[in-house]
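The values are calculated or read from the model by the stated rules, or taken from the named source; none is laboratory data. Since the model is a prediction, treat every value here as computed from it, not as a measurement. Neighbour counts run over all protein chains shown; Cβ positions are idealised from the backbone, glycine included.
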Amino acid sequence: MSLFSPPDYELTKLLGETSVVKVWLAEQISVRRKVIIEQLIDDSTQMRDGFFAMIRAKATMDHPLVASVIEAVNDDTHCFYAYEWLAGRTLEQIIASGDTMPPAKVAHLLKRIAEVQLHIENRATATTPIALRDIFLDEQNVMRLSNLATSGARGQSTSTEDLRTLGQMLPPLIQLGASGASRVSTLLNWMTGGNSEQIVSWKDVRHYADQIEQQLASAVAASANPIVSTKKQPTKPPSLVPWIIAGGVAVAAIVAIVLMQEKKPEVIEAKKASLPIEIPSTTYKGNDGKELQMRQFWLSAHEVTILEYNDFLESLEQLTSQQRKVFAHENQPVTKNNYIPEDWDNILAAATKKAVWKNRQLSFQSPVFNIDWWDAYSYCEWKRGRLPTQEEWGAALRLGGTDPLALKVLTWTDVTAEDVTPAGFTGMAGGVKEWTRRPVPNPANPLAAPQWVLCGASSFSPKGGALQCTYLDDRNTRSDEIGFRVAYDHQTDEWWQICRQVILPISTIHSHQRCVTWSID
């Protein structure tokens, strides 16, 4: 078996060698790109079979953040496979150099890693243990992971061990003293299993990291280069995180007693923060009078704002076109290559200055508009939610005994306006018409093909108010009257928002009946 360069590849540097394989940095000549080649040395049949069983497992990995297999060759002359070369530095190299990162960026990394791990878990793929050398950051700070898939059955403790490894290894990456440092540190402690009262899964990590990142989004936007050299950092007080964690249970008990004595209702605080509102499992009577059994879900208290949608677009700018496909619907037209609303630059400029766009006063808290169904779907995927169905939208409208006909259609205003239902929803009778999840028969022509539904009136087409339904044949439709809100199948309390509202030395957050503590940065 040849150990010379395989066809179409030029071996440029030996990266590692064992008694079984050699690992090379190479160039794929036909397309002039760097690749990694792993070449089998032991030519026995048993070794070949095991080698290619591993390669087949790696080839099934189809996540855009994971290095993919390019090709594999197994013949009389060559036995190797080529896979993506990942640009940038590994987290191991970054930490070894003494560099740190803002907590928001560390939270973003944790969220992306968790997304990959959930993808792997859902497919029950066996993997080798994760290490910091497997996590890469390129010059645009886009994270990619080595392909750790291997043959065989997935171990029951694989996820727990990977959580523990990263929880133990990542704390030196956090820029101490920066806003959010204690929250990220506490999450990492949970990953290690250091708090027996707060055992987390990769799903939990994704959820908590997403909330931390959203809270600290302004810090990310203000940082041109999120990697910070510790050599340039001023001396900061030591972190209180170990003390907070060590005394967490005792302090939580004390604060819980104080809160009970003061009788501060956390649910009311959550509504003030415009958190998603729970619609419990119930029997719901629709516009046609029919009763439907509705399962529990949560719905955004208000329509998605210009600021929230701009955060989404800015987040996508950090990804390659291939990576953005994670959030796209499987049937999205190939011609649609972005989610930017029409005239977005002018809309955003007017919102920034609280100025007028086409006779419409805008601010960052105005409902976003000029949104087609694909835009709304992808935003919801990015938020780890989904679009509500027409039935769910109607159930949310009636929650708390709302009389839909009593809701007034206000003139154009921010989403925080007082056109509010008893349950706390705003903008259901005005603002913008809102996309829903799936097509349904139009009552005006029930035998025709199902159509896509917009629920509610807009401030510019008020007829029908909250009971107005607009039926469309084309989900590519964009209009300055069309926006959306997000539904969730799981509780999405932005606990960090509640943190900021509780006027105590520390804040308490209740999670699955357990009380935990956070310090205020």
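Within segment 54-79, the set of residues being part of a strand (DSSP E or B) and free of Cβ contacts under 8 Å to residues at least 40 places away in the same chain comprises E71, A72, N74.
Quick one: which helices (runs of 4 or more DSSP H) sit completely within segment 279-388 and have at least 2 residues that are among the small types (G, A, S)? Please lay out each step first, then the result.
On the way: elements: 306-317, 321-324, 344-353, 373-382.
Filter on segment 279-388 gives 344-353, 373-382.
When the residues of segment 288-315 are narrowed to those that are without any contact (Cβ under 8 Å) to a residue 60 or more places away in the chain and not charged (D, E, K, R), which ends up surrounded by the fewest Cβ atoms within 10 Å (Cβ to Cβ)? The selected residue is G289.
Identify all residues within segment 355-371 that are at negative phi and surrounded by fewer than 21 Cβ atoms within 10 Å (Cβ to Cβ); write none if there are none.
First, the residues of segment 355-371 that are at negative phi: 355-357, 360-369, 371.
Correct list: A355, V356, W357, R360, Q361, S363, F364, Q365.
Evaluation of A149 against the conditions (1) closer than 24 Å to V326 by Cβ; (2) buried (at least 21 other Cβ atoms within 10 Å of the Cβ); (3) under 21 Å from the mean Cα position of the chain (by Cα) shows that the sole unmet condition is (3).
From the residues in segment 17-56 that are in contact with an Asp or Glu (Cβ under 9 Å, 6 or more places away or on another chain) and among the small types (G, A, S), which one is surrounded by the fewest Cβ atoms within 10 Å (Cβ to Cβ)? Once the filter is applied, the top-ranked residue is S19. Taken over segment 423-457, the criterion of being touching a strand residue (DSSP E or B) at 6+ places or on another chain (Cβ under 6 Å), surrounded by 15 or more Cβ atoms within 10 Å (Cβ to Cβ) and free of Cβ contacts under 8 Å to residues at least 40 places away in the same chain is satisfied by P439, N442, Q451, L454.
Restricting to segment 74-94, and then to whatever is surrounded by fewer than 18 Cβ atoms within 10 Å (Cβ to Cβ) and among the hydrophobic types (A, V, I, L, M, F, W, C), can you tell me which residue is nearest to W24 (Cα to Cα)? Top of the filtered list is W85.
For segment 95-120, which positions are of a type in the set (V, I, T), part of a helix (DSSP H, G or I) and surrounded by 20 or more Cβ atoms within 10 Å (Cβ to Cβ)? Can you show your working first?
Initially, segment 95-120 is screened for residues of a type in the set (V, I, T), giving 95, 100, 106, 113, 116, 120.
Still in the list and also part of a helix (DSSP H, G or I): 95, 106, 113, 116, 120.
Passing the criteria: V106, I113, V116, I120.
The set of residues from segment 140-167 being β-branched (V, I, T) and either modelled with pLDDT of 90 or more or outside any loop (DSSP other than H, G, I, E, B) (or both) comprises T150, T158, T160, T165. Among the residues making up segment 122-138, those that are out of contact with any strand residue (DSSP E or B) (no Cβ under 8 Å at 6 or more places or on another chain) and either part of a strand (DSSP E or B) or at pLDDT below 90 (or both) are N122, R123.
Looking at Q46, Q39, which one is of a type in the set (S, T, N, Q), at pLDDT 85 or above and either out of contact with any Cys (no Cβ under 6 Å at 6 or more places or on another chain) or not in a helix (DSSP H, G or I) (or both)? Give the steps one after another, and end with the answer.
On the way: Q46 fails: at pLDDT 85 or above.
After applying the criteria, what remains is Q39.
Within 21 Å of the chain's Cα centre (by Cα), surrounded by fewer than 21 Cβ atoms within 10 Å (Cβ to Cβ) and farther than 24 Å from S97 by Cβ: is that true of S179 in this structure?
Details: within 21 Å of the chain's Cα centre (by Cα): yes; surrounded by fewer than 21 Cβ atoms within 10 Å (Cβ to Cβ): yes; farther than 24 Å from S97 by Cβ: no.
So S179 fails the test.
When P388 is tested against (1) closer than 29 Å to R206 by Cβ; (2) surrounded by fewer than 20 Cβ atoms within 10 Å (Cβ to Cβ), exactly one condition is not met: (2). Within segment 80-92, is there a residue that is part of a helix (DSSP H, G or I) and either in contact (Cβ under 8 Å) with a residue 24 or more places away in the chain or in the same structural domain as D204 (by TED's automatic domain parsing) (or both)? Yes, segment 80-92 has at least one match. The listed residues are G194, G180, and the only one of them that is out of contact with any Leu (no Cβ under 8 Å at 6 or more places or on another chain), among the small types (G, A, S) and touching a residue at least 40 places away in the same chain (Cβ under 8 Å) turns out to be G194. Take segment 168-221 and flag every residue that is modelled with pLDDT under 90, of a type outside the set (S, T, Y) and outside any helix (DSSP H, G or I). Scanning segment 168-221 gives L176, G177, A178, G180, G194, N195, E197, Q198, I199, L216.
Rundown of residues vs (1) touching a helix residue (DSSP H, G or I) at 6+ places or on another chain (Cβ under 9 Å); (2) modelled with pLDDT of 90 or more; (3) assigned to a strand (DSSP E or B), yes/no style:
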position: W393; (1), (2), (3): no, yes, no
position: M428; (1), (2), (3): yes, yes, no
position: G431; (1), (2), (3): no, yes, no
position: E434; (1), (2), (3): yes, yes, yes
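Looking only at segment 462-473, which residues are surrounded by 15 or more Cβ atoms within 10 Å (Cβ to Cβ) and either part of a loop (DSSP other than H, G, I, E, B) or among the β-branched types (V, I, T) (or both)? Selection gives P462, G464, Q468, T470.
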